[in-house]
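I have placed the structure first, in the form of structure tokens, so that the comments after it can refer back to it.
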Amino acid sequence: MSGIILKSKMLCKTFFRGGLQYQILKNLNLDIKEGDFTVIMGASGSGKSTLLYALSGMDRPTLGEVYFRNEEITRYSNDRLAVFRRKNCGFVFQQICLLNTMSILDNCLVNGLLVNKNKRVVINKAKELLTQVGLEEAQWNKFPSQLSGGEAQRVGIVRSLMNEPSMIFADEPTGSLNSGSSKAVLDLLSEVNHQGQSILMVTHDIKTAIRGNRILYLRDGVICGECMLGSFPDINSKRQEQLTSFLTNMGW
Amino acid sequence: MNYDMNKIWMLSISNLRKNRGNSISLFLILLVAVVLMNLGFLITLNFSKAFDKKAEEDNSAHVITAMYKQYYKDSYLDYFDKYPGVTETEKEEIIYLWTTRFKYGSGEFVTPSLILNMDFHRNISSLSFVGDLDITGNHDIFLSYILHTGGGYHLGDDFTLYYNNKSYVFHVAGFTQDIHLGSITLGCIGLHLPEESYRWLHQEINEPKTDGILIKARLANNYNSQDMIADFNQHEIAVSKTWIATSMWVSSYTLAKEMRTMTANIGGAIIIGFSFIIVLVSLLIMKYRVTTGIQDCLADIGTLKALGYTSAQIIRSILYQYLILGCLGAVTGIAVSYVFIDKLSNMFSAQTGIVWKQGFDGTASLLSFSMIFIPILILIPLSAIPISKLAPMVAYRTGINTHNFKKDLFPIAKMKGRLNFILTVKSMMINLGQNLRISVIIAAISFTSVFAVVVYYNIATNNKAFLDMIGSEMCSVIVTTYGDDDASLLRNEILSLKKVKKAINYDYLSVAVNNEGSQVMIIDDSNLLETNQVYKGRYPDKENEIAISSYMAKRFQKTIGNSITVQMGNASAEYEITGLIQSTSNIGMNITMTMNGVRRMLPNYSYRNVNVYLNLGINSDLFMKELKGIYGERIKETINMQELTDSQLGIYVLITSIFATVIMIITALIISLTLYLIIKALIIRRRKEFGIQKAIGYTTFQLMLHTAFSFLPVVLLGTLVGSILGSFYINPMVSLLFKGIGIMKVAFVVPTVWIFLMCLGICIFGFSISLLVSLRIRKITAYTLIEE
């Protein structure tokens, strides 16, 4: 299992609503390699986000196991899962999910100080990352509601990077952004991936998915196809065609 | 119109259902408030009325006097008969025992006793039994009901009466009620004996001087009873030419009513005061819930407006929610209060000796209902006014409610301390307004708790301040001599005994001031007294000086520097007022003079009593035996004052213990419900934030601690403010409460350690409750924010 950061075995997730049972994930086996930018695609309701959160320890599968670097995390208690997430995972959400009562700098610190007790180091890192994503000092003390969607999502990405996680889980990170902001956010994700950061992203947008080097297609709770695009250098027509063709085969 | 009303009711009821937990908590707070309020109103409005009713049922005397037969003159009854407004008079022969003793509660009670022949046919103050009878025909006795409720006697028990070093054992055959003779606070107690027992006791005592006469009168208007006593005193002085007032006992309807309903009335006022605090707490919670409810439901409100609901309709739907809760709380509270009224009645009976059976009272219920309903009717629409300023578009822009353009006063980067501490402070500051409201609630509750703790401490544990307040001088033993100046000599001899810390001569005499019956305390060594009754000016030093009670000062429009006339028998003298004293006995008709001052009227009078104060650890009973052994026949009687005081205070200790316990339980309940309501609402409001924090790696316990700790300073502040205010204002408050009975100065000790422990208890309890309610955060998963 060398090079595999995340692995699922016979993963199932079932919901009960209105007395009915909905099986969202069905005996799903999956390996995610270290350093990969893996993208999960699929139609609405196919179980993409459910899979992402089951793999990240945010949600518990109904059956099956999830291994993070050969260690089974599905048996962890809730508190141990919280500690696991703070040390190993970074999250980028479609709804951005910043803490509205805190400034953007505090939003980053509140995550960073959970792992690193050295406040000075954490503050410097937050400032450095915020600068890197193009947020100037004047904006650091603003509240999330005072930022544009794109700016807020960039803060979200900085927050996810604060603890140098082994894996970033991104759930439709550009879902609520305009095209300009989307591009900036995706460039940022591509850049951190080039620096060796593993990313698992869920999207139903081709322009977003094309950033990944491995595309998985989920249908009715089962991975029904996989497309290897290689590392993302630039958006070229060959890469685009390859993805489009894959998606067409998958019935997209 | 009806259709609109139905829609509004539907909205209200659906909101109540949706917030079931909150609604139940608020209902419980309102319930507690109304139970207390209705009980308070029932007592205040009915206890005195019940006294009047009972008096009318028994055709009770409005003026009553007992005297030794040897001093009786026919002109006294004539005077009663001819007095303006008197409708009926009656005279009966009694056995009049000036100093009797009997077991009372855990101690002993010393009092004059009037022994009445119950087979005498009387029209005034007819005999009224309470409960069952157990007549054996062998030395039966019928005790005043207070001896059952306060004294602990039961049907069939033995009752031993001690008089003049002899004991007389009776069988308790029943209990009676009488407004003048059934109290331990009116200076005399009545014991009813059947003919057989009466004759037996009369023969056994065999002292003609104990033959007594009881004269009773009824007036057309009982308000004149106190005036009649004053006038009778003057007449008696004129007729007798000798001073018999020292052995005459009088009571008026006004005096009896005031003394026997005082505890209940003060208790009622305290209960109402406490209930108002709880109503205030419930209103603060309602205001908070309406304000936060509007913020939380901006989208729903906007949607309703978009659908065509007017602001008034939406505000009405909120108002109806609280009116429904208020009505339910008030109606249930009123009903529940009747479950407790018997218990409360029994508690007061133990002190007052009055059987009080209370049925439904519409006025009290209406008052209690209004005190809840009207504030809700005013407060809720005022709190909900912001709704009228909301445009429907907010329905589509719910995010606007979370906008916060204020400056971040506590940035993590600049604050010192660990992350958890910083987050706790931030959490506290984010909800500053709400936290201040909680502080006010906790302060109000702590204030009441301090009141309960201080009153309990000063009555049950360290009663010096309480005795000071009621003007009771506390010594170990009172030694009574046969007079002729022996008490002064005896005092000097007793002083030389090793066990004695100090001894002073201290006597009481009945006199008349401005023709009104009064009691004079004769003391020369006022600086040796344990209790300082003077609250303004000083004790009299010279023979022409006097200190009078605050009640008399007000009644006679006198103050320090004025002069006042005191009468004793045929003699009278004028004295200059040097001080004002507070004293609750004898309806506040009390004065203080020196022995030389008394001798201006009674030149041959000498001290009869010695107040003995023993060293710490000396047993009073053993000391009394020792005294008898040393001084034998020189001592007429000894009284264990400590035991007597304890037995008299026993009932106050019981009442304050119950009050303190109830207040503490209610305090705990209110703190629990308030924190439950507020923290639950906070968790619901911040569930997404908690979800985000969980997602990025915060554990449930960390978030619980942030929440619980963020309320700790709030509880601490409230407790501190409440306790400090309580500690400072307890004495003025008690003084205000008792001003009516002549108490002007109260110096209750504020037990700092007790208050500190109470504050600590409230804080620990508040923190535990916060932690417990914060457990709800457990249910919030990191996944929550995705689901929303």
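A compact table of results
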| quantity | calculated |
| --- | --- |
| Between helix B:2-18 and chain B: long-axis angle, C-alpha atoms, 0 to 90°, nearest 10 | 80 degrees |
| Given charges at beta-carbon only (K, R positive; D, E negative), |dipole| of chain B in Debye | 5500 debye |
| Violating pairs (Cα-Cα greater than 30 angstrom) within the set A:K9/B:K680; A:K48/A:K87; A:K127/B:K694; B:K18/B:K305; B:K216/B:K636; B:K18/B:K416 | A:K9/B:K680; B:K216/B:K636; B:K18/B:K416 |
| Between helix B:195-205 and chain B: long-axis angle, C-alpha atoms, 0 to 90°, nearest 10 | 60 degrees |
| Neighbourhood charge, 15 Å Cβ-Cβ cut-off, centred on B:D157 and excluding it, Lys, Arg +1 and Asp, Glu -1 | -3 |
| Student exercise, the protein assembly as shown dipole from Lys, Arg, Asp, Glu Cβ charges, in Debye to nearest 20 | 5900 debye |
| Positive-end extreme of charge dipole, chain B - chosen from B:L45, B:M259, B:I412 (charges on Cβ) | B:I412 |
| Estimated distance in nm for a label pair at B:R778 and B:S106, the labels positioned 7 Å out from Cα along Cα-to-Cβ | 4.4 nm |
| Net length gained if the chain between B:E195 and B:D132 were fully extended (0.36 nm per residue, minus Cα distance) | 20.7 nm |
| Extended-chain gain in nm, criterion 0.36 nm per residue less alpha-carbon gap, B:L622 and B:W9 | 213.1 nm |
| Fewest-first sequence of B:H121, B:H154 by Cβ atoms within 10 Å of each Cβ | B:H121, B:H154 |
| Convex hull volume of the range A:4-249 per residue (C-alpha atoms, cubic angstrom) | 134 Å³ |
| Likely footprinting exposure, B:E545, A:E34, A:E137, fewest C-beta neighbours within 10 Å first | A:E137, A:E34, B:E545 |
| Net length gained if the chain between B:L377 and B:F756 were fully extended (0.36 nm per residue, minus Cα distance) | 132.5 nm |
| Estimated dipole of the range B:477-617 in Debye, rounded to 20 [Cβ of Lys and Arg +1, of Asp and Glu -1, Cα centre] | 420 debye |
| Helix B:620-631 axis, angle to chain B major axis (alpha carbon atoms, nearest 10°) | 10 degrees |
| Nearest-0.05 FRET efficiency for B:A299 and B:K464, computed from C-beta distance (R0 60 Å) | 0.40 |
| The protein assembly as shown: calculated mean residue ellipticity at 222 nm from DSSP helix runs of at least 4, using -39500 (n - 2.57) | -16000 deg cm²/dmol |
| Reduced Cα scattering model of chain B, Debye log10 I(q)/I(0), q = 0.04, 0.05, 0.06 Å⁻¹ | -0.24, -0.37, -0.51 |
| Spatial separation of Cα centroids for the range B:208-224 and the range B:583-644, in angstrom | 29 Å |
| Positive-end residue, the range A:159-252 charge dipole about Cα centroid, Cβ charges, pick of A:T203, A:M167, A:L229 | A:L229 |
| Cut-off under 5 Å, modelled amide H: who pairs with B:S476 long-range | B:V612, B:Y613, B:L614 |
| Distance between the range B:298-339 and the range B:96-147 - C-alpha centres, whole angstrom | 58 Å |
| For B:T592, A:T244, order by how many other beta-carbon atoms lie within 10 Å, fewest first | A:T244, B:T592 |
| Percent breakdown of C-alpha pair distances by 10 Å bin, ordered from the shortest bin, for the protein assembly as shown | 2, 9, 14, 16, 13, 10, 8, 8, 7, 6, 4, 2, 0, 0 |
| Förster radius 60 Å - calculated FRET efficiency between A:N178 and B:L737, Cβ distance, rounded to 0.05 | 0.30 |
| Cα-Cα P(r), the range B:477-617, percent of pairs per 5 Å interval | 2, 10, 20, 22, 19, 13, 8, 4, 1, 0 |
| Per-selection Kirkwood Rh - the range A:97-219 (Cα, Å, 1 d.p.) | 14.9 Å |
| Vicinal HN-Hα couplings computed from phi for the range B:752-757 (Karplus, 6.51 cos²θ - 1.76 cosθ + 1.60; Hz; Gly/Pro x) | 4, 5, 4, 5, 4, 5 |
| Options B:M624, B:L757, B:I577, ranked by Cα towards positive dipole end of the protein assembly as shown, top entry (Cβ charges) | B:L757 |
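Every number in this text was worked out from the coordinates using simple rules, so none of it is lab data. In this text, all values refer to a predicted model and were calculated from it rather than measured experimentally. Positions of Cβ are backbone-derived with ideal geometry, glycine not excepted, and every protein chain shown enters the neighbour counts.
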